[in-house]
Amino acid sequence: MGSAGNQGFWFTALLVATLNGAAPLLLAAMGGILSERAGVVNIALEGLILSGAFAGAYFGQHSALIGLVAALTVGAALGLLHAVLTQVTKMNHVVSGLGINLLAAGATRYLTLVLFPDGITSKSLPPAFYLASAAILPAALAFVLRDTRFGLRLRAAGENPESARMAGVSILPVRLVAVTLSGICAAFAGTFLSLGETHTFSRDMSAGKGYIALAAVIFGKWNPAGAAVASLFFGLFYAVQTQLQIRGLNINFLGVEWTSPALLDMLPYLMTLAALISVIGRATPPAALGQEEGSAH
Amino acid sequence: MTTAENSGPNQNSEDYIVELLGITKSFPGIVANSDVTLRVKRGGFHAVIGENGAGKSTLLNILYGRYQPDSGCGEIRINGESVTGKLTSPAQSIKMGIGLVSQHYALIPALSVIENVILGSEQVLPGGVLKRKEASGEIAQIMSHLGLTGIDLNMRAERLSVAAQQKVEIVKALYRKARVLLLDEPTAVLAPAEAESLFALLQSLQRAGTTVVFVTHKLREVMAYSSAVTVLRGGKLAGDFITANTSREELLERMIGTRPPAASPSPDIESEITGGPMVEAASERRPLLKIQGATIFGSRGAKAVTDASLELFAGEIVGIAGVDGSGQKELSEAIVGLRTLKSGTIRLASCDFLSESEITRDSVRRRQKLGIAYIPEDRHRAGMILNFSIGENYLLGHEKDRAWGGGVFLNRATIGARAGEMITGYDVRLGTRTADARAGDLSGGNQQKVVIARALDGQPRVLVACQPTRGLDTGASGFVYEALRKARAAGMGVLLFSLDLDEVLELSDRVAVMFNGQIVGVLPHSEATAETVGALMTGATAGSGAAR
């Protein structure tokens, strides 16, 4: 039985941990929405987050700002690469995304060994900066999608590119810009891990956050607000996991130690899976998601 | 037959707002337009008519910049000025005052009405923010000019009826200041009353100075509304008339074309196998397949077939004639089990014809087991998997059958052997390829042979053949005819759905004619002629109950 103050501390700690868990998911999820609402499947979010985290840490050794700019540049370049591969060379969207993820995982591991085998310490950006960004970005994205020419064309490109073309819209530039911005958002999410949360880079530190962000996009029905709420929801499970670990609670039941670190680590992923199963069949993706632009005749 | 052919001898080109001169357009494996000319008078109401596959839509899409004509072939002029090579995208044509109301690429369902209208021609504030208020004011004004009420601009387009969506498309063209309005089969999905209202709207636009060009295969619309008409057949120009100087009959003849009766591709086979149509004993026999009161809805949720009844006997070919979109597709899909009946029944006789069982709710596979085979209309989408080998395509549908080499583990040797037999038996021309070749590498005629072989080699009792010669040359068509006649001789009942009237007349023991979703007549071979069937097809025959 803890005191009231102790319970309040519990709550605050859980809230902070939730926000910290949710921020990278939310930022990457906004990138996912930009790409997917334009019709481009983006499982490359994972690799983009990882690349952003790496570039942020490496170039942020002396100035966090330089690290941030470098990370966003890398994100833009990889986003553009995904856009060109899928839209110009017409590669399958999942194959291209998978390729970028493998490239990011391999390259960051190799570069870590070459550039800083003994670890790295970067400058940091205040968490408040990220929390503010995470608060503003969904509203800004919702406005762009709804009320700007670019947003309208982006949605049209994702729903029915051939109809959009018949209405006089050029699809290619819209999608190139959308997926490039998507890369920037995901890399920004990555810098939260290296510049915001830890001040370092460790290998595979994205740890599936790109995929969970994608799950948040689906759970949020491809809407910024929905994805933001879903990110907070998934962030809560990260928080519960870490809080349980920190507090070292022991729950033994049926001979299984449910609070063992190995099982707790699975919690966010299991909950994501459960959440996704609950929306299967009810979430409608953009109608032309993943399809090649009309070669119809 | 020679009428006021509008070849424009003493017209100077300034009278024409749009001219497509000598246009040729080919797609891989098909020439959609061959040396076609279309000239549209300023302020005219011009119809382009032809059967399915005549190249009408392609021609409109060329004018709209969606397709480019084959290079070096023809000239395009707008307002007398040559724009050849400049119409590289719809955006270019829109700039030149051309608007298209398309059959397939209409509004985007998930966007609101206003978003659909402004898409691609948005007015924006600095920073790219949409001027929604201005746009909605402008759109409301266009709508009130047109007398359109009750369309909420903020409603998602998918919630509008098909007729309302089409009107929004017209609004969309006018919002872009279109001077020439192209419409691709505008009444294909409309109820008759909606079609009337659409044409009334188009006529009021024409009076206000807009030039209207519409594509149709409905003669009634041409005669009732157009001022001039261009007929296409098989991708070629088949006539150009002032509507007042021509007749329904003349247009039908140009549309369908009439092959001289003697030109039947294989006359000796016909006399040899059939010995003439087998109608005499029909009344004594029990039907093989019995469709009663079938009402079927189409993919877009509109009623496609109304209360259709038809009997098919063993050893006969029943041809289903009708202009495209009269409900044939839905009826054929319902018989093979791809589409459910809203009401009515389908019954199949037992093998001894002593009893019959209802198959109305049976699955496609169940019907297939009972002996209903299908030659789909679209070879590439429904007939085969182009990336599969010939042997694999031949196996499809029999993949559970050990005798075909199917089962849990496929027996490659049996599949190969059976495919080899089929290739010899049906004379599939492989060139230097083997049975492992991709089906997509075969010519259209040889692909069709594989599809037909697969249908017939399951020893079916009923064969539903849809457009079996579409896109085939004369030689390959002859082969298909022969295969259908052999099926009949072997005692199968064959339902031949075809848009090619000559084909239907030549092969069928009886001809059922569909118009407007109804079977408006069933004629025996002796009474079925291009005139009698043609009249039923266009709803011209009084007393059919469906003439409008």
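The values are calculated or read from the model by the stated rules, or taken from the named source; none is laboratory data. Only a predicted model underlies this, so the values are computations on that prediction, with no experimental measurement involved. With ideal geometry, Cβ positions are generated from the backbone for all residues, glycine too; neighbour counts draw on all protein chains shown. To get the accessible areas, we keep the full protein, side chains included, count just its heavy atoms, and leave off ligands, DNA and RNA. Shrake-Rupley method; radii C 1.70, N 1.55, O 1.52, S 1.80 Å.
Order the peptides B:337-345, A:48-56, A:190-198 from the highest to the lowest mean number of other Cβ atoms within 10 Å of their residues.
Values: B:337-345: 16.2, A:48-56: 32.1, A:190-198: 26.8.
Output ranking for B:337-345, A:48-56, A:190-198: A:48-56, A:190-198, B:337-345.
Give me the aspartates and glutamates in straight-line cross-link reach of B:K342: C-alpha distance below 18 Å, same-chain residues under 8 apart excluded.
B:D307, B:E330, B:E333, B:E358, B:D362
Which pairs break 21 Å Cα to Cα here: B:K303/B:K329; B:K86/B:K177; B:K86/B:K172?
Working: B:K303/B:K329 12 Å; B:K86/B:K177 19 Å; B:K86/B:K172 23 Å.
The answer is B:K86/B:K172.
Which of the DSSP-defined H helices in chain A satisfy a minimum axial length of 20 Å, computed from C-alpha atoms, and a minimum mean Kyte-Doolittle hydropathy of 1.0? Could the numbers behind the result be given before it?
Working: long enough: A:4-37 (46 Å, 0.89); A:45-59 (21 Å, 1.34); A:64-87 (34 Å, 1.88); A:93-115 (32 Å, 1.28); A:127-147 (30 Å, 1.37); A:171-191 (30 Å, 1.73); A:224-247 (34 Å, 0.90); A:261-279 (29 Å, 1.64).
The qualifying helices are A:45-59, A:64-87, A:93-115, A:127-147, A:171-191, A:261-279.
Among A:T148, A:A216, A:Y110, which residue has its Cα positioned farthest towards the positive end of the charge dipole of chain A, with +1 placed on the Cβ of Lys and Arg, -1 on the Cβ of Asp and Glu, and the dipole taken about the Cα centre?
Of the candidates, A:T148 comes out farthest on the positive side.
Can you pull out the buried accessible area for chains A and B, both sides counted, probe 1.4 Å, rounded to the nearest 100 Å²? Provide the component values of the computation, followed by the final result.
On the way: alone 14160 and 24600 Å², together 36550 Å².
Approximately 2200 Å² gets buried when A meets B.
Using per-residue counts of other Cβ atoms within 10 Å, averaged over each peptide, order A:213-220, B:519-526, B:481-488 from highest down.
Top to bottom by mean Cβ count within 10 Å: A:213-220, B:481-488, B:519-526.
Excluding same-chain residues fewer than 8 positions from B:K400, which lysines have a Cα within less than 17 Å of its Cα?
List returned: B:K369.
Placing +1 on the Cβ of each Lys and Arg and -1 on the Cβ of each Asp and Glu in chain A, which of A:A262, A:H199, A:G32 has its Cα farthest towards the positive end of the resulting dipole?
After comparing all options, I get A:G32.
Taking all protein chains as present, what is the carbon and sulfur share of the accessible area of the range A:22-278, in % to the nearest whole number, probe 1.4 Å? Numbers along the way, then the final one.
Details: 7350 of 10220 Å².
Roughly 72 percent, rounded to a whole number.
Using a Förster distance of 41 Å, how high is the FRET efficiency between B:D324 and A:R146, based on the Cβ-Cβ distance and rounded to 0.05?
Details: r = 41 Å, r/R0 = 0.99.
Step by step, r from the Cβ atoms, then E = 0.50.
Where does the Debye-calculated log10 I(q)/I(0) of chain A sit at q = 0.12, 0.14 Å⁻¹, using only Cα point scatterers of equal weight, no solvent?
-0.77, -1.01
Across peptide B:63-70, how many C-beta atoms of other chains are within 10 Å of each residue C-beta, on average? Kindly include the intermediate steps, with their values, before the conclusion.
Numbers: counts 0, 1, 3, 6, 1, 0, 0, 0.
The shielding value for this peptide is 1.
Could you run the Debye sum over the Cα atoms of the range B:41-179, one equal point scatterer each and no solvent, and tell me log10 of I(q)/I(0) at q = 0.13, 0.16, 0.20 Å⁻¹, two decimals?
For the requested q values the scattering log ratios are -0.66, -0.95, -1.28.
Given contacts defined as C-alpha pairs under 8 Å and at least six residues apart, what's the relative contact order of chain B, whole-number percent? Can you show the working numbers first?
Details: 1031 pairs, mean separation 77.3, N = 548.
Relative contact order of chain B: 14 percent.
Just tell me how shielded A:147-154 is by partners: mean number of partner chain Cβ atoms within 10 Å of each residue's Cβ, no decimals.
Values: counts 6, 7, 12, 6, 4, 12, 4, 0.
That average works out to 6.
What average number of partner chain Cβ atoms lie no more than 10 Å from the Cβ of the residues making up A:217-223?
On the way: counts 0, 0, 0, 0, 0, 0, 0.
If you average over the peptide's residues, the count of other-chain Cβ atoms is 0.
Determine, at each q value in 0.07, 0.09 (inverse angstroms), the log₁₀ of I(q)/I(0) that the Debye formula gives when each Cα of the protein assembly as shown is one equal point scatterer.
Results for the protein assembly as shown at q = 0.07, 0.09 Å⁻¹ read -0.70, -1.04.
Mind giving me the nanometre distance, one decimal, between the label points for B:F27 and B:A413, set 7 Å out from Cα along Cα→Cβ?
Placing both labels 7 Å along Cα→Cβ, they lie 4.4 nm apart.
With r defined as the distance between the Cβ atoms of A:A139 and B:R248 and R0 fixed at 45 Å, what FRET efficiency is calculated, to the nearest 0.05? Write down the numbers at each step before the final one.
Working: r = 62 Å, r/R0 = 1.38.
Plugging the Cβ-Cβ distance into 1/(1 + (r/R0)^6) gives 0.15.
What's the center-to-center distance, using Cα atoms, between the range B:119-161 and the range A:167-240 in Å?
One Cα centre to the other: 33 Å.
For a quick protection proxy, order the peptides B:231-238, A:106-113, B:310-317 by their average other-Cβ count within 10 Å, most packed first. Write down the numbers at each step before the final one.
Working: B:231-238: 20.5, A:106-113: 14.5, B:310-317: 22.4.
Going from most to least packed, we get B:310-317, B:231-238, A:106-113.
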